[in-house]
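Worksheet: one structure, shown below.
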Amino acid sequence: MSKTITLTVAGTDVIFQPTPDLYAEYMGQVAQGNIADGAHNFIMQSASDDSKESLRGLTDKNPGAAMQLAGVLMQEYAPKIAITVKK
């Protein structure tokens, strides 16, 4: 499931196109404890070519931006679902 997601960040639209492979790679990095690097890789690899320059500028100025963006991107790409166990 490839999905185009546009986030407005500091007044600039940033377009992301996460894929199942990028999602799986990010989850694998998080599971290994590489949370910050995983977040940075996920947003940069998911960003459209036109958005990467502005995204780099943002992450260079704010070290927490990648984590925040990855969190919002994940909420939009893989939202929580309701699960109930029947007994």
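What follows draws every value from the coordinates through simple rules; no lab data is involved. On a predicted model such as this, the values are computed, not experimentally measured, just so you know. Glycine gets a Cβ as well: all are built from the backbone with ideal geometry, and neighbour counts include every protein chain shown.
Spin-label model, residue 50/residue 35: points 7 Å from Cα along the beta carbon direction are separated by 3.4 nm. Rounded to the nearest Hz, the phi-derived 3J(HN,Hα) couplings of the range 78-84 under the Karplus curve 6.51 cos²θ - 1.76 cosθ + 1.60 (θ = phi - 60°) are 10, x, 5, 10, 7, 10, 10, where x marks glycine and proline. The phi torsions of the range 57-62, fed into the Karplus equation with coefficients 6.51, -1.76 and 1.60 and a -60° offset, translate into couplings of x, 5, 6, 5, 7, 9 Hz, rounded to whole numbers, with Gly and Pro shown as x.
Rounded to the nearest 500, what is the chain's calculated 222 nm mean residue ellipticity when only DSSP H runs of at least 4 contribute -39500 (n - 2.57) each, over all residues? If you can, show how the numbers build up before the last one.
Working: 4 runs with 47 residues, N = 87.
Mean residue ellipticity, 222 nm, calculated: -16500 deg cm²/dmol.
Most fluctuating residue of 43, 15, 35 in a GNM of the chain with Cα springs under 10 Å: which is it? Among 43, 15, 35, the largest GNM mean-square fluctuation belongs to 35.
On full extension, the segment bounded by residue 68 and residue 21 gains 14.9 nm, given 0.36 nm per residue less the C-alpha separation. Near the amide H of residue 47, within less than 5 Å, lie the amide hydrogens of 17, all on another chain or at least 5 residues away, with H placed in the peptide plane. For residue 14, the residues whose modelled amide H falls within less than 5 Å of its own, excluding neighbours fewer than 5 places apart on the same chain, are 7, 8, 9.
Under Stokes-Einstein, with the Kirkwood radius over Cα pairs as Rh, the value for the chain at 20 °C and 1.002 mPa s is 159 µm²/s. Of all the options 75, 29, 45, the one that moves most in a Gaussian network model of the chain with Cα springs shorter than 10 angstrom is 75.
What is the magnitude of the charge dipole of the range 5-77 about its Cα centre, with +1 placed on the Cβ of each Lys and Arg, -1 on the Cβ of each Asp and Glu, and no other charges, expressed in debye to the nearest 20? Mind showing how you got there, number by number?
On the way: 3 positive and 9 negative charges, 40 e Å.
The dipole magnitude comes to about 200 debye.
Taking every lysine pair in the chain that is 8 or more places apart or spans two chains, those with Cα atoms closer than 28 Å amount to 5.
For the options 24, 47, 36, a Gaussian network treatment of the chain with springs between C-alpha atoms closer than 10 Å singles out 24 as fluctuating the most.
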